[in-house]
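Okay, so here's the structure we're looking at.
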Amino acid sequence: MATQEPSTTGTTAQLTADALDSALEPLAAALGDRLLTPSAAGFAETATLFVGGPARTPAAVARVRTADEVATALAVARQTGLPLAVRSGGHHQARHGLVDGGLVLDLRLMDGVDIDAAAGVGHAGGGVLAGAYTAAAGAHGLATGFGDTATVGVGGITLGGGIGYLSRHDGLTVDNLLGAEVVLADGRVVEVNADAHPDLYWALRGGGGNFGVVTRLDLRLRELGTVTGGMMMWTPAPATLATVLRTFAEGPDEFAGMVNVMVAPPVPMIPAELHGTPIIMALLCHSGTAAQADEVLAPLRALGTILDSVQEIPYPAMFEGAGGPPPGGMGDARTGFLGQGAWSPDEAWAADVIETVAGAGGPAAVNIRAMGGAIGRVDPAATAFAHRDPAFMVTVGKFASAVEALPAASEWVTAKADALGFSGRGYVNFMGTATEQDVRNAYPEATLARLREAKRTYDPGNLFASNHNVTP
């Protein structure tokens with residue numbers, strides 16, 4: 001990724017090896033072999049994210065299990081000036097989960113899930129992954145909507161917004177966050193909900209990791225057993241893409257998903273003659289039976305698919321085989337929004353999208369996600385995710401074969417985002433860079449002012465800076 005590197009003020013460059021060991025002693029005593037330094041077995045895995053880029057080697061990785069251990073780690077960071085990063089799933093395109101020469105809190109051992117079916121609430125540890133939570137809830141015929149990838153961290157996707165298969169029906173994940181346990185910068189462990197620290201509760205729902213370490217999330221569940229979902233694929237044509245997008249925009253709240261215009265990879269499910277050429281691929285989900293979904297799916301099937309795996313399945317099956325790319329892949333991406341309400345792009349825009357991918361000169365994709373429905377019925381001021389009116393969220397991305405190729409990929413995606421007309425407002429979970437302008441694109445002026453007020457209250461020293469940073 002072409003990212004803005006986190007500040008390294010007060011890093012290990014100013015600490016001798018002996019001084020660093022001494023500074024880390026409280027953590028070493030608390031964590032034992034769960035405190036990993038670069039020479040330790042297992043360090044490389046903890047210091048590798050799903051998105052690759054310029055080398056970032058932490059001074060240490062703390063694999064915490066409890067809120068008290070998190071508080072101990074934060075005390076070490078405060079006292080030493082070591083830059084801090086918090087890692088859950090490790091999927092963010094701006095690589096917030098790593099910081100060079102600093103301390104990484106790896107939350108993945110905080111992986112407990114407790115489904116309270118009677119209360120309709122799911123409790124997830126700060127390191128729980130979306131696939132694991134979805135499977136646990138699915139065993140009770142229940143679900144909370146996240147994204148579309150099993151290995152994404154529930155904490156990260158929730159704090160940024162969370163758009164996925166259930167969002168048009170149930171709202172974004174932030175709309176279903178009922179409460180949280182949060183370790184603040186000063187080490188206090190607080191319960192946060194609509195009644196306790198309501199300003200922080202508001203800020204957590206879209207404001208990212210700026211305000212504390214979320215060690216438990218309390219999430220609304222709804223009844224959901226069988227859905228009708230899977231993949232459809234078509235050869236690229238502007239009329240086809242425009243029809244697919246119109247079908248999403250005009251569909252019922254129960255129907256959601258995303259469309260990728262991408263260079264076809266060499267996989268068996270795609271005919272060999274299409275490998276390396278643009279295709280249109282939709283991952284879709286209707287929260288109902290096949291009979292209930294037939295009407296909305298009919299226009300898509302009438303286009304003549306080259307692949308149609310859509311069928312009635314348990315909702316957790318939507319996440320099976322959706323683990324995402326292997327760790328370390330590189331590239332850059334830009335995200336933005338298009339249209340309002342039930343608007344959908346015309347064939348001219350669809351043709352530009354197809355040409356963008358066809359002319360990329362290598363692996364590239366344009367990802368288009370339908371919004372609307374319940375997303376748009378939430379007051380923009382109700383959460384820190386304020387972009388409630390768009391019809392579609394659009395991301396353009398290009399892969400890079402090496403670090404040296406990242407600047408060219410970044411230049412390409414910036415130009416294409418401008419050309420396709422969706423630069424400007426952005427979504428923090430899909431931003432490949434983390435500049436001050438990116439923060440302003442993510443948060444309207446009134447939202448950003450309110451976030452800064454929360455930052456001054458809960459993290460005045462900006463300990464939590466490895467994110468789309470809202471400065472105090």
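Is there any pair linking a residue in the stretch 37-63 that is at pLDDT 90 or above to one that is of a type in the set (S, T, N, Q), with Cβ under 6 Å and at least six apart or on different chains, and which? Every condition considered, the pairs that remain are Ala59/Thr12; Ala60/Thr37; Val61/Thr46. In this entry, Thr235 passes the filter for residues that are of a type outside the set (Gly, Ala, Ser) and farther than 23 Å from Thr289 by Cα. The residues in the stretch 408-421 that are charged (D, E, K, R) and either open to solvent by less than 40 Å² (accessible area, probe 1.4 Å) or touching a strand residue (DSSP E or B) at 6+ places or on another chain (Cβ under 8 Å) (or both) can be counted, and the count is 1. Among the residues of the stretch 422-438, is any surrounded by fewer than 17 Cβ atoms within 10 Å (Cβ to Cβ), among the aliphatic types (A, V, I, L, M) and in contact (Cβ under 8 Å) with a residue 12 or more places away in the chain? Checked against the condition, which is being surrounded by fewer than 17 Cβ atoms within 10 Å (Cβ to Cβ), among the aliphatic types (A, V, I, L, M) and in contact (Cβ under 8 Å) with a residue 12 or more places away in the chain, the stretch 422-438 yields no hits at all. Of the candidates Thr228, Thr215, the single residue that is surrounded by 24 or more Cβ atoms within 10 Å (Cβ to Cβ) and either in contact with an Asp or Glu (Cβ under 6 Å, 6 or more places away or on another chain) or among the basic types (Lys, Arg) (or both) is Thr215.
Residue count for the stretch 144-183 satisfying the condition of being free of Cβ contacts under 8 Å to residues at least 40 places away in the same chain, buried (at least 23 other Cβ atoms within 10 Å of the Cβ) and within 16 Å of Tyr201 (Cα to Cα): 2. What about Asp379, is it open to solvent by 20 Å² or more (accessible area, probe 1.4 Å) and in contact (Cβ under 8 Å) with a residue 40 or more places away in the chain? No, not satisfied. Taken over the stretch 266-297, residues that are part of a loop (DSSP other than H, G, I, E, B) and either farther than 25 Å from Phe392 by Cα or without any contact (Cβ under 8 Å) to a residue 40 or more places away in the chain (or both) amount to 9.
Residues that are part of a strand (DSSP E or B) and under 15 Å from the mean Cα position of the chain (by Cα) within the stretch 148-181 comprise just one, Gly153. For the stretch 96-109, taking the residues that are out of contact with any Ser or Thr (no Cβ under 6 Å at 6 or more places or on another chain) and under 21 Å from Asn429 (Cβ atoms), the one that is surrounded by the fewest Cβ atoms within 10 Å (Cβ to Cβ) is identified as Arg108. Being in contact (Cβ under 8 Å) with a residue 40 or more places away in the chain and among the aliphatic types (A, V, I, L, M) is a condition met by at least one residue of the stretch 458-466.
Taking the stretch 329-405 and the strands (runs of 3 or more DSSP E) fully enclosed by it, the elements with 2 or more residues that are polar (S, T, N, Q) are at 330-340. Could you look through the stretch 324-350, keep only residues that are aliphatic (A, V, I, L, M) and more than 15 Å from Val259 (Cβ to Cβ), and pick out the one that is modelled with the highest pLDDT? Looking at residues that are aliphatic (A, V, I, L, M) and more than 15 Å from Val259 (Cβ to Cβ), I get Ala348.
Within the stretch 252-265, the residues that satisfy the criterion of being assigned to a loop (DSSP other than H, G, I, E, B) and modelled with pLDDT under 95 are Ala264, Pro265.
Gly122 - would you say it is open to solvent by less than 20 Å² (accessible area, probe 1.4 Å), part of a loop (DSSP other than H, G, I, E, B), in contact (Cβ under 8 Å) with a residue 24 or more places away in the chain and not β-branched (Val, Ile, Thr)? In short, no. Restricted to the stretch 440-461, and to residues there that are under 22 Å from the mean Cα position of the chain (by Cα) and of a type in the set (S, T, N, Q), the residue that is most open to solvent (accessible area, probe 1.4 Å) is Asn441. Within the stretch 39-55, restricting attention to residues that are within 14 Å of Asp106 (Cβ to Cβ) and not hydrophobic (A, V, I, L, M, F, W, C), the residue that is most open to solvent (accessible area, probe 1.4 Å) is Glu45. Residues in the stretch 383-407 that are exposed (fewer than 15 other Cβ atoms within 10 Å of the Cβ) and of a type in the set (Gly, Ala, Ser): Ser401, Ala402.
Considering the stretch 310-323, the residues that are surrounded by fewer than 19 Cβ atoms within 10 Å (Cβ to Cβ) and at pLDDT below 95 include one that is nearest to Leu129 (Cα to Cα), namely Gly323.
The values are calculated or read from the model by the stated rules, or taken from the named source; none is laboratory data. Note that the coordinates shown come from a computational prediction; the quantities given were computed from them, not determined experimentally. Glycine gets a Cβ as well: all are built from the backbone with ideal geometry, and neighbour counts include every protein chain shown. Note: accessible area is taken over every heavy atom of the protein model, side chains too, but ligands, DNA and RNA are not part of it. Shrake-Rupley method; radii C 1.70, N 1.55, O 1.52, S 1.80 Å.
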